[in-house]
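One structure is given here, and the rest of the page talks about it.
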Amino acid sequence: METSAVAAALGFLLLAGAAGSARDEAREAAAVRALLARLLGPGPAGNFSVSVERALAAESGLDTYRLSGGGAGTRVRVAGSTGVAAAAGLHRYLRDFCGGHVAWSGAQLRLPQPLPAVPGELTEATPSRYRYYQNVCTQSYSFVWWDWARWEQEIDWMALNGINLALAWSGQEAIWQRVYLALGLTQAEIDDYFTGPAFLAWGRMGNLHSWGGPLPRSWHLKQLYLQHRILDRMRSFGMIPVLPAFAGHVPKAITRVFPQVNVTQLGSWGHFNCSYSCSFLLAPGDPMFPIIGSLFLRELTKEFGTDHIYGADTFNEMQPPSSDPSYLAAATAAVYEAMIAVDPDAVWLLQGWLFQHQPQFWRPAQVEAVLGAVPRGRLLLLDLFAESQPVYSRTASFQGQPFLWCMLHNFGGNHGLFGSLEAVNQGPAAARLFPNSTMVGTGMAPEGIGQNEVVYALMAELGWRKEPVPDLGAWVTSFADRRYGVPHEDAEAAWRLLLRSVYNCSGEACRGHNRSPLVRRPSLQMDTTVWYNRSDVFEAWQLLLKAAPALASSPAFRYDLLDVTRQAAQELVSLYYGAVKTAYVNKDLVALLRAGGILVYELLPALDEVLASDSRFLLGSWLEQARMAAVSEAEALFYEQNSRYQLTLWGPEGNILDYANKQLAGLVSDYYTPRWQLFLEAVIESLVQGTPFQQHKFDQRVFQLEQAFVLSTWRYPSQPQGDTVDLAKRLFLKYYPRWVAGTL
Ligand SMILES: *[C@@H]1O[C@H](CO)[C@@H](O)[C@H](O)[C@H]1NC(C)=O
Ligand SMILES: *[C@@H]1O[C@H](CO)[C@@H](O)[C@H](O)[C@H]1NC(C)=O
Ligand SMILES: *[C@@H]1O[C@H](CO)[C@@H](O)[C@H](O)[C@H]1NC(C)=O
Ligand SMILES: *[C@@H]1O[C@H](CO)[C@@H](O)[C@H](O)[C@H]1NC(C)=O
Ligand SMILES: *[C@@H]1O[C@H](CO)[C@@H](O)[C@H](O)[C@H]1NC(C)=O
Ligand SMILES: *[C@@H]1O[C@H](CO)[C@@H](O)[C@H](O)[C@H]1NC(C)=O
């Protein structure tokens, strides 16, 4: 298909801000001015003039910004075809002309005086219609406890990065509750169905129900309120919020109210038993399907309005009851038809994860059945993990349905330095050049945020570039300069080492999931291989410490120094674990005691101490967020426990153990360390008594500790203690020489 044919198939989907009135332009410009004032303060914001002019996109039909002015006595003029385009232009100016930086860990916005002049005019159009953000899971791993202040920051970050399409999924359970009550379910049945807040993402995809619930009444009220504010703000920038739609999953209680209803019980998911998974799927041919689907969408859009794009995932990591293409086509069509019954302009946003997650099920005939069941242009696919396992290239560009090239990057919101910057850099441009490509944009779909900011900075930039960044080495160097506010050759060199090591992963070893022994339940079988040369991490550590006297006043530098120190500690845990294992195999008790003793009594406590020096690495801050979302002490305890479960056991029995692992002060001292202690005791006992190490017995005992951590009500500090630079240096002076000498 030629581009024009794609455009015809996608219809209005491709017309950027086509239907804008002067009033919309004024509203979007005002939203960007307000963002500017939040970012720089009201005084400095006055040095900019911001306008939104739809006409800027007249030529290309794509979001466009234009920068001009600046220099002594002249305001910087930022114009965009939408509010998002203007915000992206503003970000471009702050980044490339002023050396500024805005990231999750904070912003560096010391601007030159006067503001640098833009020579002539700089006009830039995005190469594609959409820049998308979020994964269904991000809502649980990262956003679950957010208040409006935190959401506001995030939406600002989205606008600055030019994101114009994002999920807005808060508050949907409140709407579902209305629908279920209207259908005749009791409140008790509904309470029994919803998962707890920290597990809603999987409830929404039909993977789970009931686990970690019920949702308190206050939860629904607060989420409704939040959702209204989120939608208002997103729309004020001209962003398109994606609302949820009915995918076919229903509470079991539906069968009590409607005994004739045709449902199929799906299989279990994620090692959960059927008390929490094996959800019920309504048959596509059942007359209740369009009724429930339309009731929900009508109630939802009555409450929130609509921008006509809806997300729904019926078979995400769920084996469909039949592989018969006619069944899959019917199941897909039913979801779409329930949408257009309420909104004739509906477009369905589908996470394409299922196709690459279960490739043995999703053969060409099965994939075609889904893609062909919705009119062309009305199914918008997220090629969710395209930097690693793209689906467009083996489905003839999703059989002509439009798709977004998305970087997934992170699973479970783990810490751990990781990324494949080369693949990310090349991917979108290559997808555009694919024969008959139907790519209509790019996206970022991490399961969790607040880690590896460099990867997201690159991906966000690519949303506005036609070509890859020409030289990643140069790019990462300027990234470091902007991040810290001044160029420093040691910091730059550190970043180039990180680029060629942790951030250049490829192949099977790299799946965006931290499998370091540090964050895993110990055993004698742990894999410690990594895709990079550990020397590069240790050298980067040394270089950052060399830069510390000059850069220590930069919050981003302190964050990175801590993050690299944390990474070095993670490497050291692997090395000491390896020494423990070797000593055990060699029946060398002295060596075992030495390596194990350092690991448990020196290294892990020192890691916890350095993490405790930064509010961005505190379990106390993490849990405090959960507690703050509550309206009573009982609720605070309940939310805190939800949060602890998600970080650790991920289910009542460690069902998805440590999937969402983090490296936070408190978690290291009271969760990872005790289980390493227990492990060490068990291997010592095994060695001394000459009996085999029994993993099964150890697992049972360590589960008691893990569970005790989850159920504990201990309050952790939410204020940092100690100086990061001093503590990092202390760790470095102790361990770096041992690494270099190869004598642990
Ligand atoms: C692209 O589409 C055209 C027109 O439908 C078709 O003739 C051609 O074979 C396609 N190319 C590829 C590589 O699929
Ligand atoms: C912008 O304007 C403010 C107040 O008018 C002024 O104090 C400031 O120095 C100007 N420049 C920058 C770079 O903020
Ligand atoms: C599922 O597991 C939970 C928690 O371990 C247990 O309480 C429940 O009885 C189990 N349900 C079934 C159906 O086995
Ligand atoms: C129930 O739905 C399934 C799947 O669509 C279908 O094969 C079956 O015939 C239906 N059963 C009845 C009794 O309608
Ligand atoms: C990343 O690794 C590839 C080989 O897998 C290599 O060709 C490339 O130069 C590396 N990039 C950097 C920045 O080191
Ligand atoms: C890792 O890097 C160090 C330091 O640059 C070098 O001496 C060593 O040979 C490298 N190891 C491998 C396996 O490439």
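The values are calculated or read from the model by the stated rules, or taken from the named source; none is laboratory data. Since the structure is predicted, the reported quantities are computational estimates derived from the model, not experimental observations. Heads up, the Cβs are rebuilt from the backbone with ideal geometry, glycines too, and the neighbour counts pull from every protein chain shown.
Inside segment 276-285, residues that are hydrophobic (A, V, I, L, M, F, W, C), within 16 Å of ligand 4 (Cβ to nearest atom) and assigned to a loop (DSSP other than H, G, I, E, B) make up a count of 1. Report yes if some residue within segment 687-697 is under 30 Å from Leu589 (Cα atoms), in contact with a helix residue (DSSP H, G or I) (Cβ under 8 Å, 6 or more places away or on another chain), crowded, with 20+ Cβ neighbours inside 10 Å and of a type outside the set (Gly, Ala, Ser); otherwise report no. Among the residues of segment 687-697, not one is under 30 Å from Leu589 (Cα atoms), in contact with a helix residue (DSSP H, G or I) (Cβ under 8 Å, 6 or more places away or on another chain), crowded, with 20+ Cβ neighbours inside 10 Å and of a type outside the set (Gly, Ala, Ser), which makes the answer no.
Pick out, from segment 429-501, the helices (runs of 4 or more DSSP H) lying fully within it that include 1 or more residues that are within 15 Å of the chain's Cα centre (by Cα) and closer than 20 Å to Gly512 by Cβ.
453-462
When we screen Leu115, Leu67, Leu90 for residues that are within 20 Å of Val32 (Cβ to Cβ) and assigned to a helix (DSSP H, G or I), the only hit is Leu90. Name the residues in segment 247-275 that are in a loop (DSSP other than H, G, I, E, B), closer than 27 Å to Leu350 by Cβ and without any contact (Cβ under 8 Å) to a residue 24 or more places away in the chain, would you? Selection gives Ser268, Cys274.
Looking for something away from ligand 1 (no atom under 16 Å from the Cβ), under 25 Å from Trp353 (Cα atoms), out of contact with any Gly (no Cβ under 9 Å at 6 or more places or on another chain) and charged (D, E, K, R) - is there at least one such residue anywhere in segment 287-304? Within segment 287-304, none of the residues are away from ligand 1 (no atom under 16 Å from the Cβ), under 25 Å from Trp353 (Cα atoms), out of contact with any Gly (no Cβ under 9 Å at 6 or more places or on another chain) and charged (D, E, K, R).
Here the condition is being more than 30 Å from Lys587 (Cβ to Cβ) and assigned to a helix (DSSP H, G or I); of Asn661, Asn642, Asn655, it holds for Asn642 alone. Regarding segment 30-45, can at least one residue be identified that is over 16 Å from Gly162 (Cα atoms) and outside any helix (DSSP H, G or I)? For segment 30-45, residues over 16 Å from Gly162 (Cα atoms) and outside any helix (DSSP H, G or I): present. Against the condition surrounded by fewer than 17 Cβ atoms within 10 Å (Cβ to Cβ) and away from ligand 2 (no atom under 16 Å from the Cβ), how does Glu299 come out, does it pass? It is false that Glu299 is surrounded by fewer than 17 Cβ atoms within 10 Å (Cβ to Cβ) and away from ligand 2 (no atom under 16 Å from the Cβ).
Could you tell me which residue of segment 444-480 is farthest from Ser621 (Cα to Cα), considering only residues that are touching a residue at least 60 places away in the same chain (Cβ under 8 Å) and among the charged types (D, E, K, R)? It comes out as Lys466.
If you go through segment 529-553 and keep only what is more than 14 Å from ligand 6 (Cβ to nearest atom) and either of a type outside the set (S, T, N, Q) or in contact with an Asp or Glu (Cβ under 9 Å, 6 or more places away or on another chain) (or both), you end up with Leu544, Leu545, Lys546, Ala547, Ala548, Pro549, Ala550, Leu551, Ala552. The set of residues from segment 568-601 being in contact (Cβ under 8 Å) with a residue 40 or more places away in the chain and more than 18 Å from Thr673 (Cβ to Cβ) comprises Gly578, Lys581, Tyr584, Lys587, Leu589.
Quick check: is even one residue across segment 710-722 in contact with a Lys or Arg (Cβ under 7 Å, 6 or more places away or on another chain) and not charged (D, E, K, R)? So that I can check it myself, show each step before the final result.
So the first thing to find is which residues in segment 710-722 are in contact with a Lys or Arg (Cβ under 7 Å, 6 or more places away or on another chain), and the list is 710.
Imposing the further condition that a residue be not charged (D, E, K, R) reduces the set to 710.
Yes, there is a match, as at least one residue in segment 710-722 is in contact with a Lys or Arg (Cβ under 7 Å, 6 or more places away or on another chain) and not charged (D, E, K, R).
Set side by side, the residues Ser523, Ser554, Ser535, Ser574 differ, and just one is out of contact with any helix residue (DSSP H, G or I) (no Cβ under 6 Å at 6 or more places or on another chain) and at pLDDT 95 or above, which is Ser535. Take the residues of segment 495-543 that are more than 21 Å from Leu607 (Cα to Cα) and basic (Lys, Arg): which is nearest to ligand 4 (Cβ to nearest atom)? The residue in question is Arg511.
Collect the residues in segment 338-368 that are over 20 Å from Met205 (Cα atoms) and of a type in the set (A, V, I, L, M, F, W, C), keeping them in residue-number order. Of everything in segment 338-368, those that are over 20 Å from Met205 (Cα atoms) and of a type in the set (A, V, I, L, M, F, W, C) turn out to be Ile340, Ala341, Val342, Ala365.
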